[in-house]
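What follows is a set of notes on a single structure, which appears directly below.
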Amino acid sequence: MKIAFTGHRPKAFANIRQEKVAFTASLFAELLKIKHLQPFEFITGGALGVDTWAASIAIDCGLEFTLALPFPHGVMTAKWKIEDSTKLLNHSLAAKQIVVIDTKFTWAAYQKRNEWMVNNCDL
C-alpha cells in the first residue's frame, strides 16, 4: 500500500491548532502499528513541513518512500536555508525512488506533482 503525504508548510504552523498537529502525529503512530499487517510505503512531495516529516519518519522507521519533486533539488531549494536543503538532499539519498516532474520552476509543476502523487498512491 502506498500512502501519500503532503500538507502545511512551516509558516502555516503558527495558525494551525495544536490539536491538528497532535492528530497528524497520532496518525503516523497508528500507521506504524499496522505496518506488520500490510506492508506500505510513503510518497512525499519533498516540501518543507508535513512532506519533510513523512520522509523523516520513513527513514527513522525503515520504511521505503518515494520523493515526488516538482523540479530538481537545486531549483526546489534555491531560496531555502542550507539546513533545509541538506535535509532534502539526505531524503533524496535515502529514497527508494525520486520522481522529478519538471526541469525548471513553474507553478504548474506543483499541481502536476500533486496529481502524480494522487495517481500513484492508495491512500
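Since every read-out is calculated from the coordinates, none of them should be taken as a lab result. As the structure is a prediction and not an experimental result, all values here were calculated from the model. Note that we place each Cβ from the backbone using ideal geometry, even for glycine, and neighbour counts take in every protein chain shown.
Taking a Cβ cut-off of under 11 Å around ALA109, the surrounding Lys, Arg, Asp and Glu residues balance to a net charge of +1, with basic ones at +1 and acidic ones at -1. Peptides 54-62, 93-101 ranked from most to least packed, by the mean per-residue count of other Cβ atoms within 10 Å: 54-62, 93-101.
Test of understanding: extend the Cα→C-beta vector of LYS2 to 7 Å, then name every residue of the stretch 69-95 with backbone N under 20 Å from that spot. Output list for this probe position: 69-73, 91-95. A Förster radius of 25 Å, combined with the Cβ-Cβ distance separating SER92 from ALA29, puts the computed FRET efficiency at roughly 0.45.
By how many nm would the segment from ILE82 to LYS104 lengthen if fully extended, with 0.36 nm per residue of separation less the alpha-carbon distance?
On the way: separation 22, 0.36 × 22 = 7.92 nm, distance 2.01 nm.
Value of the extension gain: 5.9 nm.
Rounded, prolate or oblate: which fits the stretch 58-123, taking a ≥ b ≥ c as square roots of the Cα gyration tensor eigenvalues, rounded meaning a/c under 1.5, else prolate when a/b beats b/c? Taking the square roots of the gyration eigenvalues as a ≥ b ≥ c, the stretch 58-123 is oblate.
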